[in-house]
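To start, the structure under review is shown below, and the notes come after it.
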Amino acid sequence: PAFRLFQRGYYQVYLPALAADWLQGPYLYKLYQHYRFLEGQIAILYVCGFASSVLFGLVSSSLVDRLGRKKSCVLFSLTYSVCCLVKLSRDYLVLAVGRALGGLSTALLFSAFEAWYVHEHVERHDFPREWIPVTFARAAFWNGAIAVGAGGAAEFFAEGLGLGPVAPFMASIPLLVLSGVFAVRNWDENYGKKRTFSRTCGDGLKCLLSDRRVLLLGTIQALFESVIYIFIFLWTPVLDPHGAPLGVVFSGFMAASMLGSSLYRLAVSRRYHLQPV
């Protein structure tokens with residue numbers, strides 16, 4: 001019972017943050033198109049977001065450990081809320097700054113929350129380490145379910161209510177505020193080891209170059225992510241001229257992703273014994 005209560009406290013903060021993130025997926029390109037930007041200009045805005053995510057991703061672990069995991073999660077709520085509000089502007093430079101803030105927020109989303117959970121699970125509550133994957137597996141399931149629902153919700157706000165492509169971004173803000181409020185009220189602060197940025201990067205580079213498997217895995221992951229980012233940029237301009245409901249299409253993508261994860265888990269289960277080689 002104590003573990004389940006602890007899990008619920010984590011999900012109360014993490015799941016609204018994920019929902020806010022997914023709500024913004026279907027209509028980002030459409031919004032920039034609505035503001036009359038050319039495809040090349042939109043591509044630069046996308047690159048600003050991706051580059052910012054890479055840059056802040058390098059320093060996010062050190063930043064989170066020094067600032068505190070709880071404060072970092074609250075900072076995520078603030079920066080992502082500002083990123084959403086910026087979408088109301090039609091100024092190109094303001095939108096570029098918004099994309100940079102989005103990159104920072106993404107780096108925090110995929111580092112601070114899980115780091116907070118692992119520390120609390122092991123250090124404060126002394127639960128068995130084997131229970132950590134249980135929490136993350138459930139979070140992964142709900143992540144997929146929320147992503148599917150977010151596509152339909154974005155479609156409803158943008159097209160159903162006729163509020164336009166900026167509406168899903170405004171709908172994300174209350175979820176981000178909710179996530180931040182729950183973190184402030186219910187979470188305790190914890191910190192990681194304070195290591196210098198140069199040492200962290202040095203250790204990472206040493207690991208990358210000393211083990212050929214790590215280098216190959218990183219290369220494969222980079223190639224895969226490149227394909228995904230190209231797809232993310234192109235799917236809206238390809239389908240939108242045909243009148244495709246973007247939110248529903250996005251939900252379809254997310255449902256297919258959940259199906260792929262389920263098939264993988266089935267394949268490596270004891271029943272089929274298909275192991276990755």
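With the structure loaded, tell me whether ALA150 is at pLDDT below 90 and either surrounded by fewer than 22 Cβ atoms within 10 Å (Cβ to Cβ) or of a type in the set (Gly, Ala, Ser) (or both) or whether it fails that test.
Against the criterion (at pLDDT below 90 and either surrounded by fewer than 22 Cβ atoms within 10 Å (Cβ to Cβ) or of a type in the set (Gly, Ala, Ser) (or both)), ALA150 does not qualify.
How many residues are among the small types (Gly, Ala, Ser) and surrounded by fewer than 17 Cβ atoms within 10 Å (Cβ to Cβ) when one looks only at region 120-147?
3
Checking the conditions here, which among SER179, SER172 is touching a residue at least 60 places away in the same chain (Cβ under 8 Å), touching a Pro at 6+ places or on another chain (Cβ under 9 Å) and assigned to a helix (DSSP H, G or I)?
On the way: SER172 fails: touching a Pro at 6+ places or on another chain (Cβ under 9 Å).
The unique qualifying residue is SER179.
Of these, TRP187, TRP235, which one is out of contact with any Lys or Arg (no Cβ under 9 Å at 6 or more places or on another chain), surrounded by 13 or more Cβ atoms within 10 Å (Cβ to Cβ), under 30 Å from LEU55 (Cβ atoms) and touching a residue at least 12 places away in the same chain (Cβ under 8 Å)?
Criteria check complete, one pass: TRP235.
Please give the number of the condition PHE37 fails out of (1) at pLDDT 95 or above; (2) closer than 25 Å to GLY152 by Cα; (3) assigned to a loop (DSSP other than H, G, I, E, B); (4) of a type outside the set (S, T, N, Q).
With (1) at pLDDT 95 or above; (2) closer than 25 Å to GLY152 by Cα; (3) assigned to a loop (DSSP other than H, G, I, E, B); (4) of a type outside the set (S, T, N, Q) applied to PHE37, the lone miss is (2).
Would you confirm, using the coordinates I've provided, whether ALA43 is of a type in the set (Gly, Ala, Ser), part of a helix (DSSP H, G or I) and open to solvent by less than 50 Å² (accessible area, probe 1.4 Å)?
Answer is yes for this residue.
Restricting to region 71-119, and then to whatever is part of a helix (DSSP H, G or I) and charged (D, E, K, R), can you tell me which residue is most open to solvent (accessible area, probe 1.4 Å)?
LYS71
Got a sec? Which of ARG195, ARG199, ARG185 is out of contact with any Pro (no Cβ under 7 Å at 6 or more places or on another chain), outside any helix (DSSP H, G or I) and not aliphatic (A, V, I, L, M)?
Answer to the selection: ARG195.
Restricting region 47-70 to residues that are surrounded by fewer than 17 Cβ atoms within 10 Å (Cβ to Cβ) and touching a residue at least 12 places away in the same chain (Cβ under 8 Å), which is nearest to PRO26 (Cα to Cα)?
ALA51
The values are calculated or read from the model by the stated rules, or taken from the named source; none is laboratory data. Just so you know, these numbers come straight off a predicted model, no measurement behind them. Every residue, glycine as well, gets a Cβ built from its backbone with ideal geometry; the counts of neighbours run over all protein chains shown. These area figures cover heavy atoms from the full protein model, side chains too; ligands, DNA and RNA do not enter into them. Shrake-Rupley method; radii C 1.70, N 1.55, O 1.52, S 1.80 Å.
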